[in-house]
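First the structure, in the form of structure tokens, and then the observations on it.
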There are 2 protein chains.
Amino acid sequence: MKLYRDFKKPALLIDEKKCRENIRMMVAKARKHKVIFRPHFKTHQSLETGRWFRDEGVDRITVSSVEMAQYFSPEWNDITIAFPVNIPEIDEINELAAKINLNILAESAETVSFLKENLRHKTGIFIKIDIGNHRTGLQPDNFSEINKILDISYSSEKLSFRGFLGHAGQTYHCRSADEIKDIQKKSLYIMEGLKKNFIIKYPDLLISTGDTPGCSICDKFSGTDEIRPGNFVFYDLMQLEIGSCIEEQIAVAMACPIVAVHKERGEIVIYGGGIHFSKDRIDDITVGTVYGRIAGKKGNGWGKIIPDMFLKSLSQEHGIVSAPAEEISGYKIGDILFVIPVHSCMTADIMKRYFTLEGNEIMMMMKF
Amino acid sequence: MKLYRDFKKPALLIDEKKCRENIRMMVAKARKHKVIFRPHFKTHQSLETGRWFRDEGVDRITVSSVEMAQYFSPEWNDITIAFPVNIPEIDEINELAAKINLNILAESAETVSFLKENLRHKTGIFIKIDIGNHRTGLQPDNFSEINKILDISYSSEKLSFRGFLGHAGQTYHCRSADEIKDIQKKSLYIMEGLKKNFIIKYPDLLISTGDTPGCSICDKFSGTDEIRPGNFVFYDLMQLEIGSCIEEQIAVAMACPIVAVHKERGEIVIYGGGIHFSKDRIDDITVGTVYGRIAGKKGNGWGKIIPDMFLKSLSQEHGIVSAPAEEISGYKIGDILFVIPVHSCMTADIMKRYFTLEGNEIMMMMKF
């Protein structure tokens, strides 16, 4: 058992109570709006944290890689891999489909033809639609390719068409609830149109959407059947900036030892750099680039974010914290500083494990 | 043995021949200028790659953490930890100092007093000087703190003052050889001034400097006694941008499977995202943000960088490649795409292992 003050090196802490509250909040929201809840597990990447979802009745999940599906498959038998099928991994996909209810994602007839030839077990397939994020997926009016995929899929004994899946990741650029609601409205309108077109031939087809900002803020979900938020389990500084959460809902912080205090330049140097936080950043209009914000101590964890104190730069192992004169005198070499990370998914992924405030170590998936 | 075409998931490839040439080039440069060569091993983080340095006669190294010193200590008995002493790790420092010639870095009397009380074995100490990078270190005219450190160190039986250490990391913002030479000149002028002031009392004191851009480009090293470049073993897109290397010296590339090709929008989607590349970026004045550039295939590895083709965005697992019309038709789903990373240190750190073009797997340090 390790409490924050026992860490000699940068460590990721999570507040289990807050995580569980975040999970309960989203489960309740999905129930209220009568949508299937299939949370994305790419943020926490841990069997143990996954069980907190099961405690709330969750029975199906989303992951972002075949590897992650393999990792969760001993405990979850209904998994959607929300990433375009990577055909070199067909053997691994077949192994998974033999064991669990697996859904995969396609956005080209080319890939679906390959699947038709090579799948050995029943597998659900979603068609990825670009609902405005422009990262990947088919344009919603590309009926030619959609119909090709549906035809191939229909003629396959193994492929079973499940519906259309989209990710309105453009909400990450929003800075107000109204903007997010507007995006959700537009993206669900696109999906509703698609559904109307194909529901007659495929009466069970589902619309699957749901990014963390949209799911956190919006109160209208008509047009979707399933939501897949992931980040909300931890939240982070980016979500706070977007307005998806309040400060008290953020359930992660890095604990970093202080290695130098430079009062004359208002800076604290911490052991904690790009290899611990990753390098996601916020461009703050007042102070410039922000790689994290500093929180005070509270009990065995962190308290409120301290105004005007932030992680201003990161090199491989160093982090430089800008600190106002009235704060800096409270810190000394060897103390632990709490930093709220910009992007909890990336920080967790890089740290590979985290510790609850009660000192329990939670291992994440190891990648090979 | 795995060649690039055997990879099903993003993999980091290195060209051993180029690495060895880069090492030989820097060893020859240090010899020519009669400076000690103490390469930084934070880039490659591997015992095996370390042996390539030993093949060229290197016998002392630099690392960036206590953990990294522990990892290399079975094969290297002269190590400088070029990071301000993290006092919670005093037990680990004592264990290392009992086994090898260890140098550590301090920038405050507070830390050095702690060391005087707690060190149990002879340990070399460098004073960290800010030579213009403003990341950390003492201002070179802060004689009051420097003298305090020297006095405490002098009165300690365990501490042995080795000299002044600086890192002119501001060269990373340069985009021409003249700018880099100017920075090197100014930073070595600062160090020479310090040396003149303290050489009488400490006739063996060393000046230790040497970032990759400066060491790659400059041909004047008077004023320094030791250089510690690290990145040059691999180089990367950032160093190419700075002008530290030519394209042919870059010894790393990521091999990423293609999961979608969108001809109509000139984009290729690869399996390879922020959790593989890390998120260092270049702000290109013509095309905007660049997370990597694409190279063609050549033998078992990569060839020349393809103009106008680049990694334009990264999410957790996805990379979006912008590709000109005349190139895109040459790629199909399931192919491997070669991406030259922006910052090889960060990419290697996150990938945890790499493969030579001959298919040998090289493991890196595991962090715990």
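Consider A:Gly266 against the criteria (1) more than 11 Å from every other protein chain (Cβ to nearest Cβ); (2) modelled with pLDDT under 95: it satisfies all of them except one. Which criterion is unmet?
The number of the failed condition is (2).
Out of the residues in region A:56-65 that are under 13 Å from A:Pro229 (Cβ atoms) and aliphatic (A, V, I, L, M), state the one that is nearest to the other protein chains (Cβ to nearest Cβ).
A:Ile61
Quick grid of which residues meet (1) assigned to a strand (DSSP E or B); (2) more than 20 Å from B:Met25 (Cβ to Cβ); (3) in contact (Cβ under 8 Å) with a residue 40 or more places away in the chain:
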| position | (1), (2), (3) |
| --- | --- |
| B:Phe221 | no, no, yes |
| B:Pro229 | no, no, yes |
| B:Phe232 | no, no, yes |
| B:Glu241 | no, no, yes |
| B:Glu248 | no, no, yes |
| B:Ala255 | yes, yes, yes |
| B:Thr286 | no, yes, no |
| B:Arg293 | yes, yes, yes |
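Of all residues being more than 7 Å from every other protein chain (Cβ to nearest Cβ) and aliphatic (A, V, I, L, M) in region A:309-321, which is surrounded by the fewest Cβ atoms within 10 Å (Cβ to Cβ)? Just the residue, please.
Step by step, filter region A:309-321, then rank; the result is A:Met309.
Quick check on region A:347-368: of everything there that is in a strand (DSSP E or B) and not hydroxyl-bearing (Ser, Thr, Tyr), which residue is nearest to the other protein chains (Cβ to nearest Cβ)?
Of everything passing the filter in region A:347-368, A:Arg353 is nearest to the other protein chains (Cβ to nearest Cβ).
Is there a residue being β-branched (Val, Ile, Thr) and within 10 Å of another protein chain (Cβ to nearest Cβ) anywhere in region B:278-291?
Within region B:278-291, not a single residue is β-branched (Val, Ile, Thr) and within 10 Å of another protein chain (Cβ to nearest Cβ).
Mind checking whether some residue in region B:32-55 is of a type in the set (Asp, Glu), touching a strand residue (DSSP E or B) at 6+ places or on another chain (Cβ under 9 Å) and either in contact (Cβ under 8 Å) with a residue 40 or more places away in the chain or within 11 Å of another protein chain (Cβ to nearest Cβ) (or both)?
Checked against the condition, which is being of a type in the set (Asp, Glu), touching a strand residue (DSSP E or B) at 6+ places or on another chain (Cβ under 9 Å) and either in contact (Cβ under 8 Å) with a residue 40 or more places away in the chain or within 11 Å of another protein chain (Cβ to nearest Cβ) (or both), region B:32-55 yields at least one hit.
Please determine whether any residue of region A:233-252 is at the interface with chain B (Cβ under 10 Å from one of its Cβ atoms) and surrounded by fewer than 23 Cβ atoms within 10 Å (Cβ to Cβ).
Checking region A:233-252: not a single residue is at the interface with chain B (Cβ under 10 Å from one of its Cβ atoms) and surrounded by fewer than 23 Cβ atoms within 10 Å (Cβ to Cβ).
Got at least one residue in region A:116-135 being at pLDDT below 95, more than 14 Å from every other protein chain (Cβ to nearest Cβ) and touching a His at 6+ places or on another chain (Cβ under 9 Å)?
yes
Specify the residue that is nearest to the chain's Cα centre (by Cα); the eligible residues are those in region B:322-346 that are crowded, with 21+ Cβ neighbours inside 10 Å and more than 11 Å from chain A (Cβ to nearest Cβ).
B:Ser344
Of the conditions (1) free of Cβ contacts under 8 Å to residues at least 24 places away in the same chain; (2) away from chain A (no Cβ under 13 Å), B:Pro88 fails just one. Which one is it?
(2)
For A:Met68, which of the numbered conditions (1) within 14 Å of chain B (Cβ to nearest Cβ); (2) over 14 Å from the mean Cα position of the chain (by Cα); (3) within 30 Å of A:Gln316 (Cα to Cα) fails to hold?
A:Met68 satisfies all of (1) within 14 Å of chain B (Cβ to nearest Cβ); (2) over 14 Å from the mean Cα position of the chain (by Cα); (3) within 30 Å of A:Gln316 (Cα to Cα) except (2).
Quick check on my filter: what residues within region B:198-219 are in a loop (DSSP other than H, G, I, E, B) and surrounded by 24 or more Cβ atoms within 10 Å (Cβ to Cβ)?
Scanning region B:198-219 gives B:Gly210, B:Asp211.
Listed residues A:Tyr154, A:Tyr172; which is within 14 Å of another protein chain (Cβ to nearest Cβ) and either of a type outside the set (Gly, Ala, Ser) or surrounded by 14 or more Cβ atoms within 10 Å (Cβ to Cβ) (or both)?
Matching residue, one of A:Tyr154, A:Tyr172: A:Tyr172.
Could you please let me know if A:Ala82 is more than 9 Å from chain B (Cβ to nearest Cβ), surrounded by 18 or more Cβ atoms within 10 Å (Cβ to Cβ) and among the hydrophobic types (A, V, I, L, M, F, W, C)?
Criteria met by A:Ala82.
Of the residues B:Lys367, B:Lys304, B:Lys298, which single one is over 15 Å from B:Ile268 (Cβ atoms) and free of Cβ contacts under 8 Å to residues at least 24 places away in the same chain?
The unique qualifying residue is B:Lys298.
Restricting attention to region A:1-16, and to residues there that are assigned to a helix (DSSP H, G or I) and in contact with a strand residue (DSSP E or B) (Cβ under 9 Å, 6 or more places away or on another chain), which single residue is farthest from the other protein chains (Cβ to nearest Cβ)?
If we take residues in region A:1-16 being assigned to a helix (DSSP H, G or I) and in contact with a strand residue (DSSP E or B) (Cβ under 9 Å, 6 or more places away or on another chain), then A:Glu16 is farthest from the other protein chains (Cβ to nearest Cβ).
So which residues in region A:295-311 are in contact with a Gly (Cβ under 9 Å, 6 or more places away or on another chain) and in a strand (DSSP E or B)?
A:Ala295, A:Gly296, A:Lys297, A:Trp302, A:Gly303, A:Lys304, A:Ile305, A:Ile306, A:Phe310, A:Leu311
Applying the selection to region B:175-184, what residues are surrounded by fewer than 22 Cβ atoms within 10 Å (Cβ to Cβ) and either under 22 Å from B:Pro140 (Cβ atoms) or not assigned by TED's automatic domain parsing to the domain that holds B:Val85 (or both)?
B:Glu179, B:Lys181, B:Asp182
Evaluate region A:185-207: report whether one residue or more is touching a residue at least 12 places away in the same chain (Cβ under 8 Å), under 30 Å from A:Thr289 (Cβ atoms) and among the β-branched types (Val, Ile, Thr).
no
The values are calculated or read from the model by the stated rules, or taken from the named source; none is laboratory data. What you are looking at is a predicted structure, and each value in this text was computed from that prediction instead of being measured. Backbone-built Cβ (ideal geometry, glycine too); neighbour counts: all protein chains shown.
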